1. Using every Cα-Cα pair within the range 1-64, state what percent have a distance larger than 20 Å.
2. For the modelled label position 7 Å from the Cα of L71 along Cα-to-Cβ, which residues of the range 1-43 have backbone nitrogen atoms closer than 16 Å?
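Each reported figure results from applying straightforward, stated rules to the coordinates on display, with no laboratory input. Quick caveat: nothing in here was measured; it's all calculated off a predicted structure. Note: ideal-geometry Cβ built from the backbone for every residue, glycine included; neighbour counts use all protein chains shown.
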Amino acid sequence: MALEPAQTIIQRFGGPSAVASILGVHRTRVSNWQRERAKGGTGGTIPQRYHVALLAHAQEKGIALVAADFLQVGSEQIGASSL
């Protein structure tokens, strides 16, 4: 089961440790975004409170990321790669 969009976004930044460093949170918090809800994760959803910081960092570092990348409708991810 793909836990999107978290997996793709985390990979773009270089993994859970890199994202945790950017956000000032523990690595396990970021890793939990890639876990199923039944196992204590977010089911692939990145909490909204982190979106602005990730978008700003992506822009600063030239990482392809837009706000729509955080959205998921049904089993499809909407974002820059879908437009």
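1. Roughly 17 percent, once rounded to a whole number.
2. Output list for this probe position: 5-6.
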